[in-house]
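Everything on this sheet refers to the single structure shown next.
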Amino acid sequence: MIEARGLIFKYEKSGDPVLKDISLEILEGTYVAIIGPNGCGKSSLLRHLDGLLLPDKGELLVDGMRTRDTGSLREIRRMVGMVFQNPDTQIVGTTVEEDVSFGPGNLGLPPLEIRERVDTALDLVGMKKYAKRPPHTLSSGEKQLVAIAGVLAMHPKYIALDEPTAYLDPSARMIVFRVLKKLHQEGIAIIHVTHHMEEIVDADEIFVMNGGKIIQRGKPAEVLTRIAWLKELGLGAPRVTELLCRLKGMGLDIIAESLTLDDACAQIFSLIEGKASEA
Amino acid sequence: MVHLGQYFPGDSVIHRLDPRVKIVSTIVMSVLILWGEIPSLMLITLLILFAVGASGLPFRHLIISLRPVRFFLLIFLFLHLFFGEGVHIASVSWGPFSLTLEGLYRGLTVVWQFSLLIWGSSILTATTFPSGLVSGLEKLLRPLKKIGVPSHDLALMVSIALRFVPTFLEELERIKDAQKARCADFRSGGPVGRTRAAAGLLVPLVLSFVRRADDLIVAMEARGFRSGPRTNMNEMQMARADYAAITVMVLLTVFYILDSLTAFGWP
């Protein structure tokens, strides 16, 4: 379990804190989403999870280890994988497989073990055929998959992603998202910071941040249906949900909690059929 | 577009040689090329032709790799031809300059030596993946660690630099396009204007790279990086071909020594 207790953090001593008293817990194997407007502190919070940033006050614990203890930092960073927004600035190696081997190499694993982990990780994200390619020949989406593989090769328990799909086109975004779901099914906890509401409709829990605080937490059906409120924060809801809410507002008999297209279609079709049989 | 130092993917004997062996061989060969007389040069030429054949590189590669330095070669030749000492060939002279036989001999030898140097190193880079070169260098520099040379960190540094060269070029194009879109002119305006336009590229380029470096460091730290020894996926192991290559280099050196001792001279 990752546990934050009363995190307070400022970048500059005199400035306003970026994180104001954040407490949360992230259980093993869960899919957690963090949303919020730009500058709300979500990236700073994420960087606390593996000790890239240390809190000024409060405590962050990963499976009981404190990020403050320099001795446990390496193990914490192995357990909590980080994927960043910009695919270009997180690839270190001159080839794909060499990049994936960077993390395990830092752990000091023997060459054969590294080789095996690299192959498995690349296979898991579907990038095995690109193993020997230099990274600049890959698309942004493929680079992000390589970054994810690089994290997987360290056998993490949690993967934290800071807007991993921000630089990607829709189809690449879908592929990365599918890989994330697959990893979640494999039992890895996913902590996903994003602006794309469609990506988090299946999350186990959503944290909404604003002004350095968590202002709301709950299931997607609770959070994402508060459309006016989300818009006020500058976030917007999934379009499907917004449509259903408007239809409900028009007095139609609809449960406006659906977040997926299929579910919404089913509701609307049954409504239309109902009307047709009345007439 | 083929350029000097480009890697040609392949799986030949030469490609599979241990990078360490290739680096050391290239250095040994370079020294022998610079010191050697005609017999050594002939032997090295044969060796290089053999290496090109065995590596599956097109022989055209030899000519292409000389293209960027062709003017240097011509200048070398020219200088030796007309400014060398020796017997002047009176029939070929322009004013104070006249051709000498020794000049012709020295000029051609220097061009030959220079070409061999380029070929040797271009075979090295054409058949060795950059990261192989880097880790080979790292292994070779490892003994220097005792006197405080951080060979691990140096190797990683070079490898990251290599990795970012294409990114750097892409970024440069992007910045150029962005400025062209705002009517910057990189082609006309004479040397001063063009230099000024190029200087305008420098600031955004440097800024963007400082930012990238910052992000990269964070990403590396997140993956458990700290300065010092790491393990490598591809541990190098010497095979039979490597020992064969070493033997060839030793023989070549012995030949050179015998040649210079007996002063088995050319003309």
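So here's what we get for this one:
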item	result
Listed residue pairs exceeding 26 Å between alpha carbons, taken from A:128/A:182; A:157/A:181; A:132/A:182	none
Cβ-based exposure ranking for A:40, A:265, B:183, in which fewest neighbours within 10 Å come first	B:183, A:265, A:40
Added length on full extension, which subtracts the Cα-Cα distance from 0.36 nm per residue, residue B:217 to residue B:153	21.7 nm
At 1.306 mPa s and 10 °C, Stokes diffusion of region A:238-279 via Kirkwood alpha-carbon radius, µm² per second	153
Distance between modelled label sites at residue B:195 and residue A:112, nm, 7 Å Cα→Cβ extension	6.2
Likely footprinting exposure, A:215, B:75, fewest C-beta neighbours within 10 Å first	B:75, A:215
Where only C-alpha atoms are counted, convex hull volume of chain B per residue in Å³	214
Antiparallel DSSP beta bridges within region A:136-279, as percent of all bridges there, nearest 5	50
Longest site-free stretch - chain B; sites: trypsin sites (Lys or Arg not before Pro), DSSP loop, at most 13 other Cβ within 10 Å	B:1-181
Beta bridges per DSSP with both ends in the protein assembly as shown, % antiparallel, nearest 5	55
Ellipsoid semi-axes in whole angstrom, largest first, where each is sqrt(5λ) of the Cα gyration tensor of region B:153-267	47, 29, 11
Fully extended contour minus Cα-Cα distance, from residue A:65 to residue A:231, at 0.36 nm per residue	56.0 nm
Kirkwood-based Rg to Rh ratio, the protein assembly as shown, C-alpha trace	1.12
Calculated FRET value between residue B:178 and residue A:133, using beta carbons and R₀ = 25 Å, to 0.05	0.35
Likely footprinting exposure, A:34, A:76, B:38, fewest C-beta neighbours within 10 Å first	B:38, A:76, A:34
Gyration tensor (alpha-carbon) shape descriptor, region A:96-237, a/c threshold 1.5	prolate
Estimated vicinal HN-Hα couplings, Hz - region A:144-155 in sequence order (Karplus 6.51, -1.76, 1.60; Gly, Pro = x)	5, 5, 5, 4, 5, 4, x, 6, 4, 5, 8, 6
Spherically averaged projected area of region A:75-130 from its Cα convex hull (nm²)	4.3
Nearest-0.05 FRET efficiency for residue B:203 and residue B:251, computed from C-beta distance (R0 60 Å)	0.65
Estimated translational D of region B:105-198 in µm²/s (Stokes, Kirkwood radius over Cα pairs; 4 °C; 1.567 mPa s)	74
Prolate/oblate/rounded call for region B:192-245, Cα gyration tensor, a/c under 1.5 rounded	oblate
Evaluated over region A:2-220, the Cα radius of gyration and Dmax, each in Å	16.9, 51
Antiparallel bridge percentage (DSSP; both residues within chain A; nearest 5)	50
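The numbers here are math on the coordinates, done by the rules we state, and not lab data. Remember, predicted model here, so these are calculated numbers, not experimental data. Quick reminder, even Gly has a Cβ in these numbers, built from the backbone with ideal geometry, and neighbours come from all protein chains shown.
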